[in-house]
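Read-outs: derived from the displayed coordinates by stated rules, not from any lab. In this text the structure is predicted, and so the values were computed from the model without any measurement. Note that we place each Cβ from the backbone using ideal geometry, even for glycine, and neighbour counts take in every protein chain shown.
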Amino acid sequence: MPDKINTSNCLRVGITGGIGSGKTTVCHIFETLGIPVYDADYWAKWLITNDPEVKQAITGLFGPDAYLPDGAYNRALVAGIVFRDPEKLAALNAAVHPAVERHARTWHEAQAKQGLPYTLKEAALLVENGSYQLLDRLIVVTAPEDLRIRRVMQRDGISEAAVRARMKNQLPEAEKVEVADFVIVNDGERSLVQQVWAVHRVCVGH
Ligand code: ATP
């Protein structure tokens with residue numbers, strides 16, 4: 001009877017890391033072990049387009065042009081404003097993050113009923129916005145900066161300057177590592193599978 005399972009036994013584990021560190025790659029390995037992954041960046045975009053409360057808050061902040069006539073989010077307009085206005089950026093985050101947190105919790109509760117030992121929440125920004133503190137454990141994926149830049153240039157077909165511009169919004173790796181429970185080093189030398197397995201064993205036996 002799934003309803004009888006104590007869902008509080010199922011840990012909420014965050015996984016983060018700088019751009020191109022390999023979060024998604026590492027998450028795919030956890031998925032092969034049967035651990036479900038909540039992709040916070042994907043769901044944030046989904047909620048911005050589909051959640052009436054979030055849409056109302058965004059329209060209140062940026063006006064009706066924040067959504068195009070077909071209902072699509074006008075990312076270019078909003079990005080242009082928040083790029084120049086840090087207060088608007090903070091207000092946008094304050095509108096979106098609590099909605100993602102609520103949605104992630106509901107998702108986790110549903111997964112926990114399956115009797116899983118833990119689930120993963122993957123997000124680029126978990127330490128920067130303090131939301132890692134709402135989770136039970138934190139995994140930080142690291143990789144040397146030059147390797148991260150090369151991987152993203154290759155993956156996204158963009159310039160080094162464009163990758164560095166994206167990196168600017170993120171904390172240095174060392175500050176993330178400081179608050180991590182587990183660090184997975186994705187330097188192309190150490191085995192990712194072995195490192196994931198070591199974390200998995202600890203989280204299963206918590
Ligand atoms: P982002 O923050 O941009 O979402 P990410 O941290 O999720 O990135 P990935 O998308 O997993 O990083 O990895 C970035 C790129 O590097 C991908 O193209 C991926 O296939 C490649 N990559 C990651 N890890 C390795 C590795 N150990 N060996 C070779 N390529 C790798």
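Suppose R0 equals 30 Å. What FRET efficiency, 1/(1 + (r/R0)^6) with r the Cβ-Cβ distance, do Leu61 and Gln114 give to the nearest 0.05?
It comes to 0.20.
Looking at the range 1-105, I'd like the Rg to Rh ratio, where Rg is from alpha-carbon atoms and Rh is Kirkwood's inverse mean 1/r.
On the Cα set of the range 1-105, Rg over Rh gives 1.06.
For the range 7-205, with the dipole built from +1 on Lys and Arg beta-carbon atoms and -1 on Asp and Glu ones, taken about the Cα centre, which of Gly20, Trp197, Ile81 lies farthest toward the positive end?
It is Trp197, whose Cα lies furthest towards the positive end.
Any chance you could get the radius of gyration and Dmax over the Cα atoms of the range 71-140, in Å?
15.1, 46
Express the C-alpha Rg of the chain as a ratio against the empirical globular expectation 2.2 N^0.38 Å, rounded to two decimals.
1.09
HN-Hα J couplings of the range 63-75 from phi, Karplus 6.51/-1.76/1.60, θ = phi - 60°, integer Hz, Gly and Pro as x?
Result, rounded to whole Hz: x, x, 6, 5, 10, 7, x, 7, x, 5, 5, 8, 4.
Using θ = phi - 60° and the Karplus relation 6.51 cos²θ - 1.76 cosθ + 1.60, list the HN-Hα couplings for the range 168-176 in order, rounded to whole Hz, with x at every Gly or Pro.
4, 7, 10, 5, x, 3, 4, 6, 6
Less than 27 Å apart at the alpha-carbon level, and either on another chain or at least 8 residues along: which lysines does that give for Lys23?
Result set, ordered by chain and number: Lys45, Lys113, Lys121, Lys168, Lys176.
Where the centre of each part is set by its Cα atoms, how far does the range 93-136 sit from the range 41-55, in angstrom?
15 Å
For the charge dipole of the chain, defined by +1 on Lys and Arg C-beta atoms and -1 on Asp and Glu C-beta atoms about the Cα centroid, which residue among Ala104, Ala66, Tyr132 has the Cα displaced farthest towards the positive pole?
Sorting the options by dipole projection puts first Ala104.
Once you place label points 7 Å from the Cα toward the Cβ at Arg75 and Ala124, how far apart are they in nm?
1.0 nm
HN-Hα J couplings of the range 55-61 from phi, Karplus 6.51/-1.76/1.60, θ = phi - 60°, integer Hz, Gly and Pro as x?
4, 5, 5, 5, 5, x, 7
What distance in nm separates the two pseudo spin-label positions at Glu87 and Asp187, each 7 Å out from Cα along the beta-carbon direction?
Each label point lies 7 Å from its Cα, and together they span 4.5 nm.
Charges only on Cβ, +1 for Lys and Arg, -1 for Asp and Glu: so what's the dipole of the chain about the Cα centre, in debye to the nearest 20? If you can, show how the numbers build up before the last one.
Values: 23 positive and 25 negative charges, 41 e Å.
Computed about the Cα centre, the dipole is about 200 debye.
Residues with amide H under 5 Å of Ala143's amide H, sequence separation 5 or more or different chain, H placed in the peptide plane at 1.01 Å from N; which?
Amide H neighbours of Ala143: Asn186.
Give, in nm to one decimal, the length gained when the segment between Asp146 and Lys168 is fully stretched (0.36 nm per residue of separation minus the Cα-Cα distance). Provide the component values of the computation, followed by the final result.
Numbers: separation 22, 0.36 × 22 = 7.92 nm, distance 1.47 nm.
Here the segment from Asp146 to Lys168 would lengthen by 6.4 nm.
Would you mind computing the Rg to Rh ratio of the range 96-206 from its alpha-carbon coordinates, Kirkwood style for Rh?
We get a ratio of 0.99 for the range 96-206.
Over the range 82-191, what is the relative contact order in percent, taking alpha-carbon pairs closer than 8 angstrom and at least six residues apart? Let's see the in-between values first.
Numbers: 58 pairs, mean separation 30.8, N = 110.
Rounded, it is 28 percent for the range 82-191.
Round to the nearest 0.05 the FRET efficiency obtained for Arg201 and Asp41 when R0 = 45 Å and r is the Cβ-Cβ distance.
The computed FRET efficiency comes out at 0.95.
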